[in-house]
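Below: the structure, in structure tokens.
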Amino acid sequence: MTGDPALVDRGGRRYPLGEPRWHGDDGTPLAVTALGGLTRDDVDTTVRSQWRYAAALPLPIRRPVTLGEGMTPLLPLRVDGLELMVKPEWFNPTASFKDRGTTVMISLLAQQGVAEVLEDSSGNGGSSVAAYAAAAGIRATILAPAGTSPAKIQQSRFHGAAVELVPGTRQATADEAVRRSATTFYASHNWHPFFLQGTKLLAYEIWEDLGFSAPDAVVLPAGAGSLVLGCHLGFGELLAAGAIHARPRLLVAQPRNCAPLVAAFAAGAAEVAPGQWSATVAEGTAIARPVRDREVLEAVRVSGGDMAAVTETDIGPATAELAHRGLYAEPTSAIVLPAIREFRRRGALRPGETVVAVLSGSALKASDAVARVLAAGDAAPA
């Protein structure tokens, strides 16, 4: 690590790491100041979870709240002649990548003495916070859009969280959570800076999976962009430590029905613009106003990456194609498959490169979305 780490808002004001807070005094999201990263000698190989990279965190966590997250497989996948690899993140305890961020965020909040938290989610984030809050003995309230897949809601409730369904869009749920944060600590996977400190450990894991080297590119789905920012942070720290020689290109997919980041990227804008977006079967990416939009766009540009919007008519067939290859990914994850084909068409992916695609969550938790795919006739084998 370099210097004394602290939290910093967009205006440059610094805050102590030990203070429970989720935004800056200027109302902007917080980040941890730059860290120096790890080398392979810093990996604790006696730990069989992503906590083997705990030395990469900005402060010591005395008692991690862990359910065994991380250490997901890296599997081969051939797409139209491209030899790729995929990380199926449903091997995490609550069946999505969100556990990577939640374990670190909840561990910190437990260490800080927070007894009750509020979270808003389209499903996976909520069920993850519910599980880890239960493990930590922290009371949790989860706000979710009324149209959220029932399996995700059921999981949160069974972990003991109070779940309230909010009418309207995913953004309406986020807005309601911010209003309620005046009375309950807001443990938001989109706002809390230590959630990203957990998701960045995915980059460290990919690095170790590949024999302590970086891929040429990583393909990711994005709603709020925590996977994108996690990979940006993790690979950036590895570069600073001299453990890799170049950042991977970050190639990001969103559904065309709700693609504010793609639109801003294509326009060369620094942040998303207000827009009218429609419902998508890729429910986990339906974020109209990503909190960290500036940071996500900058991360993709710094990496030399690209972004693509996937049509709704391509999402169902992609979900089915992966399932027919044994990968039961929710539609939110499956958007990476048509995006891979688009990136190859553009030349952003090339044969012979080392490419990792992240499948963020399981279709077992998106039964309604999969049922809509089946009803639309999109499930025939390719």
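The values are calculated or read from the model by the stated rules, or taken from the named source; none is laboratory data. Everything numeric here is computed off the predicted structure, so don't read it as measured data. All Cβ positions, glycine included, derive from the backbone under ideal geometry; neighbour counts span all protein chains shown. Side chains are part of the model used for accessible areas, which takes the heavy atoms of the whole protein and leaves out ligands, DNA and RNA. Shrake-Rupley method; radii C 1.70, N 1.55, O 1.52, S 1.80 Å.
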Check your understanding: Applying the selection to segment 257-276, what residues are buried (at least 21 other Cβ atoms within 10 Å of the Cβ) and either over 18 Å from ARG292 (Cβ atoms) or in contact with a Ser or Thr (Cβ under 7 Å, 6 or more places away or on another chain) (or both)?
Key -> CYS258
Point to revise | Hits in segment 191-222 (condition: open to solvent by 10 Å² or more (accessible area, probe 1.4 Å) and either of a type in the set (Lys, Arg) or in a loop (DSSP other than H, G, I, E, B) (or both)) | key: TRP191, LEU210, GLY211, PHE212, SER213, ALA214, ASP216
Revision key, fill the gap. Filter segment 169-190 for residues that are part of a loop (DSSP other than H, G, I, E, B) and open to solvent by 40 Å² or more (accessible area, probe 1.4 Å); the one that is nearest to PRO88 (Cα to Cα) is THR169
Check your understanding: From the set of residues in segment 322-336 that are under 17 Å from the mean Cα position of the chain (by Cα) and in a helix (DSSP H, G or I), which is surrounded by the fewest Cβ atoms within 10 Å (Cβ to Cβ)?
Key -> VAL336
Exercise for review: State all residues of segment 15-62 that are open to solvent by 30 Å² or more (accessible area, probe 1.4 Å), of a type outside the set (D, E, K, R) and within 19 Å of ALA243 (Cα to Cα); if no residue qualifies, say none.
Suggested key: ALA34, THR39, THR45, ALA54, ALA55
Revision key, fill the gap. Among residues of segment 337-352 being assigned to a loop (DSSP other than H, G, I, E, B) and either under 22 Å from the mean Cα position of the chain (by Cα) or among the aliphatic types (A, V, I, L, M) (or both), the residue surrounded by the fewest Cβ atoms within 10 Å (Cβ to Cβ) is ALA348
Check your understanding: Quick check: anything in segment 27-50 in contact with a strand residue (DSSP E or B) (Cβ under 8 Å, 6 or more places away or on another chain), assigned to a strand (DSSP E or B) and at negative phi?
Key -> yes
Exercise for review: Select, from HIS192, HIS245, the only residue that is at pLDDT 95 or above, touching a Ser or Thr at 6+ places or on another chain (Cβ under 9 Å) and either within 18 Å of THR173 (Cβ to Cβ) or of a type outside the set (A, V, I, L, M) (or both).
Suggested key: HIS245
**Study point:** Selection within segment 92-136 - out of contact with any helix residue (DSSP H, G or I) (no Cβ under 8 Å at 6 or more places or on another chain) and outside any helix (DSSP H, G or I)
**Key:** GLN112, GLY113, VAL114, ALA115, GLU116
Review point. Among the residues of segment 285-321, how many are assigned to a helix (DSSP H, G or I) and not β-branched (Val, Ile, Thr)?
Key: 14
